[in-house]
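The values are calculated or read from the model by the stated rules, or taken from the named source; none is laboratory data. From a predicted model like this one, the values you see are computed outputs, not experimental measurements. With ideal geometry, Cβ positions are generated from the backbone for all residues, glycine too; neighbour counts draw on all protein chains shown.
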Amino acid sequence: MQDEPIRVLLIEDDVVDQRAFLRAVKQQALLYHAQVAGSVAEARQMLAESQFDVIVTDYLLGDGDSFEIFEQLITTPTIFATGAGDEAIAVKAMKLGAHDYLIKDPDHHYLTALPVRITAALEHQRGRAALRASNERFRAFALWPPHRRSAFSRPMPKVCLYVNPQWLRIFNRSSEEVLGSGWASAIHPDDREAVVQAWTESCRGEKEFSREFRVVHPDGAVRWVHSRAASMQLDDRILGYMGTSEDVTERRLAEEQLRKSVAEKEVLLREIHHRVKNNLQVVTSLLQLQSGCIQDPAVVEQFRESQQRVRVMALIHEKLYQSVDLSDIDFAEYLRSLVPMLVRSNARGSIVEPKLDLAPCILDVDTAVPLGPITSELVSNSLKHAFGSRPRGTVTVGLADQPDGTIILSVADDGAGLPDTFDPAASKSLGMRLVRGLTGQIGGKLSFVSNPGACFQVCFQRRIETPDGKK
């Protein structure tokens, strides 16, 4: 190994993490020439202007994420450093070509493992380079005149003519055991028939073969292998088949561990939503018990409104608990449960008919949580003030999802309308203050029209999903 410094690029926007990395390089006396990029734009420029031996990158950066420059990254051994809980990002990065990943911790202990990972990444890169060179030499041999390689003069898809020493190490077999038709005996019995059939079909259709399967060593150990193969042709004649095999056991085990971790977190998150809903229901019951001891009607009404606001939040967590995707909620379905509940608990001597005009609309939880109380306050406001002594009325709730990503929530009634002096920005009522604050939280705009009746609209843009599924 040469005594030249290893050129390392750290892509990290957190100044504390940057300093911790540089401090670790100095304390461990690592032979690194380290440079730091603090943003996607800076990393893109440095990658265009300089060559690096290895790249260590955070996922989420101030002006974007590292997947935006992934095509530039994967030409160099790349190690992803992600926070705890971001295992899905690591899996995606490795599937796209990253060499390794590290889970970051607040005390920066992960930096002690970084030199080993960097060394492994460089050795892996050198191995891949050697493999590419070997493949090019083999390709050159395959293009020699036909009489120079008689072993490939007849296509024999089920007969193995040559394997290199590395293949023998992966399968833990001798060349005598695998040459000819013995190669299939190393495949796991549960996978053997499917692999042989897929290989035969690929050869028959002159298609590329690519498959992952298990092999069993003589001592009983099981390893995962990814094999690829393609036909070699000359003048439209198939001369034989050439392939490579790679031991992918560690990757498969890591992916399985990540899948189990994600599944466990989903179960935990579902349980959290369930418990939050139950706890909110307890709060509702306590408020109701307390209001029973109060004689002042105005105070009792405030307790009732508080109960209703808690129920609105509990309903969101109930829907999330029932949802297949714990990060999103079918908001139209949520409104079909919410609006009738509000009408039942707020009708004041009038028979109010709820009408729903709801387009299918899936919202992320960060949008649904504020939008639920916004809807509740606007519907309750109509039920409380719109109809007076009228025996009947109608409240219409609409939800529209526009092609440009604009979502419109509307609440309208056919009541007396709003006073001429009504100004939601100047209103001091708790309900209208909540509507204004929560609308701002989702980046929305509140508007209204009146006479006849009142109609409020909340317009906002759907959140854009990032490559890792975050909003």
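Every residue, every condition in (1) at pLDDT 85 or above; (2) not in a strand (DSSP E or B), yes or no:
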| residue | (1), (2) |
| --- | --- |
| GLU177 | no, yes |
| ARG192 | yes, yes |
| THR200 | no, yes |
| ARG211 | yes, no |
| ARG214 | yes, no |
| PRO218 | yes, yes |
| TRP224 | yes, no |
| GLN233 | no, no |
| GLY240 | no, no |
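Quick check on my filter: what residues within the range 404-425 are touching a residue at least 40 places away in the same chain (Cβ under 8 Å) and under 20 Å from SER376 (Cβ atoms)? Break it down into steps so the answer makes sense when it comes.
Initially, the range 404-425 is screened for residues touching a residue at least 40 places away in the same chain (Cβ under 8 Å), giving 405-413.
Selection gives ILE407, ILE408, LEU409, SER410, VAL411, ALA412, ASP413.
Only one of VAL369, VAL411, VAL379 is among the hydrophobic types (A, V, I, L, M, F, W, C) and in a strand (DSSP E or B); which? Steps first, please.
Details: VAL369 fails: in a strand (DSSP E or B); VAL379 fails: in a strand (DSSP E or B).
When all the criteria are applied, what remains is VAL411.
Answer yes or no as to whether ILE103 is assigned to a strand (DSSP E or B) and either over 30 Å from VAL178 (Cα atoms) or at pLDDT 85 or above (or both).
On the way: assigned to a strand (DSSP E or B): yes; either over 30 Å from VAL178 (Cα atoms) or at pLDDT 85 or above (or both): yes.
Here the answer is yes, as ILE103 does meet what is asked.
Taking ARG204, is it exposed (fewer than 14 other Cβ atoms within 10 Å of the Cβ) and over 17 Å from VAL225 (Cβ atoms)? Don't jump to the end; show me each part of the working.
Values: exposed (fewer than 14 other Cβ atoms within 10 Å of the Cβ): yes; over 17 Å from VAL225 (Cβ atoms): yes.
Taking the combined requirement at face value, the residue satisfies it.
Out of all the residues in the range 437-471, which are under 25 Å from ASP413 (Cβ atoms), in a loop (DSSP other than H, G, I, E, B), small (Gly, Ala, Ser) and modelled with pLDDT of 90 or more?
GLY444
Check ALA41, ALA84, ALA93, ALA29 and return the single one that is surrounded by fewer than 19 Cβ atoms within 10 Å (Cβ to Cβ), modelled with pLDDT under 90, within 29 Å of the chain's Cα centre (by Cα) and not charged (D, E, K, R).
Working: ALA41 fails: modelled with pLDDT under 90; ALA93 fails: surrounded by fewer than 19 Cβ atoms within 10 Å (Cβ to Cβ); ALA29 fails: within 29 Å of the chain's Cα centre (by Cα).
Criteria check complete, one pass: ALA84.
Which condition breaks for MET46 when tested against (1) within 29 Å of the chain's Cα centre (by Cα); (2) crowded, with 19+ Cβ neighbours inside 10 Å?
With respect to (1) within 29 Å of the chain's Cα centre (by Cα); (2) crowded, with 19+ Cβ neighbours inside 10 Å, MET46 is out only on (2).
For PHE387, only one of the following conditions fails: (1) modelled with pLDDT of 85 or more; (2) under 20 Å from PRO340 (Cα atoms); (3) not in a strand (DSSP E or B). What is its number?
(1)
Yes/no matrix, rows are residues, columns are (1) closer than 23 Å to CYS459 by Cα; (2) free of Cβ contacts under 8 Å to residues at least 60 places away in the same chain:
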residue	(1), (2)
LEU335	yes, no
ASN346	no, yes
PRO360	yes, yes
ALA368	yes, yes
VAL395	yes, yes
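Return the residue satisfying two criteria in turn: it lies in the range 207-218 and is touching a residue at least 40 places away in the same chain (Cβ under 8 Å) and of a type outside the set (A, V, I, L, M), and of such residues it is surrounded by the fewest Cβ atoms within 10 Å (Cβ to Cβ).
As a first pass, look at the range 207-218 and keep what is touching a residue at least 40 places away in the same chain (Cβ under 8 Å): 212, 215, 217-218.
Cutting the leftovers down to of a type outside the set (A, V, I, L, M) gives us 212, 217-218.
Numbers: GLU212: 14, HIS217: 13, PRO218: 11.
Per the criteria, the residue is PRO218.
Can we say LYS428 is closer than 19 Å to PHE331 by Cα and modelled with pLDDT under 90? Give the steps one after another, and end with the answer.
On the way: closer than 19 Å to PHE331 by Cα: no; modelled with pLDDT under 90: yes.
Here the answer is no, as LYS428 does not meet what is asked.
I want to confirm something. Restricting to the range 64-79 and keeping residues that are modelled with pLDDT under 85 and among the hydrophobic types (A, V, I, L, M, F, W, C), which single residue is surrounded by the most Cβ atoms within 10 Å (Cβ to Cβ)?
For the range 64-79, the residue satisfying everything is LEU73.
Mind listing whichever residues of the range 437-457 are buried (at least 16 other Cβ atoms within 10 Å of the Cβ) and without any contact (Cβ under 8 Å) to a residue 24 or more places away in the chain?
Within the range 437-457, GLY444, LEU446 qualify.
Hey, among VAL369, VAL379, VAL449, which residue is within 19 Å of ASN346 (Cα to Cα) and not small (Gly, Ala, Ser)? Give the derivation first.
Working: VAL369 fails: within 19 Å of ASN346 (Cα to Cα); VAL449 fails: within 19 Å of ASN346 (Cα to Cα).
Checking each option against the conditions leaves just VAL379.
Would you confirm, using the coordinates I've provided, whether GLU123 is surrounded by fewer than 16 Cβ atoms within 10 Å (Cβ to Cβ) and modelled with pLDDT of 80 or more?
Values: surrounded by fewer than 16 Cβ atoms within 10 Å (Cβ to Cβ): yes; modelled with pLDDT of 80 or more: yes.
Spelling it out, GLU123 is indeed surrounded by fewer than 16 Cβ atoms within 10 Å (Cβ to Cβ) and modelled with pLDDT of 80 or more.
Given (1) closer than 27 Å to GLY415 by Cα; (2) modelled with pLDDT of 80 or more, where does ASP296 come up short, assuming only one miss?
Of the numbered conditions (1) closer than 27 Å to GLY415 by Cα; (2) modelled with pLDDT of 80 or more, the odd one out for ASP296 is (1).
Before we move on, is THR396 of a type outside the set (Phe, Trp, Tyr), in a strand (DSSP E or B) and under 22 Å from ARG311 (Cβ atoms)? Can you show your working first?
Values: of a type outside the set (Phe, Trp, Tyr): yes; in a strand (DSSP E or B): yes; under 22 Å from ARG311 (Cβ atoms): yes.
Criteria met by THR396.
Scanning the range 167-191 for residues that are under 34 Å from the mean Cα position of the chain (by Cα) and more than 15 Å from GLU246 (Cα to Cα), which turns out surrounded by the fewest Cβ atoms within 10 Å (Cβ to Cβ)?
The qualifying residue surrounded by the fewest Cβ atoms within 10 Å (Cβ to Cβ) is ASP190.
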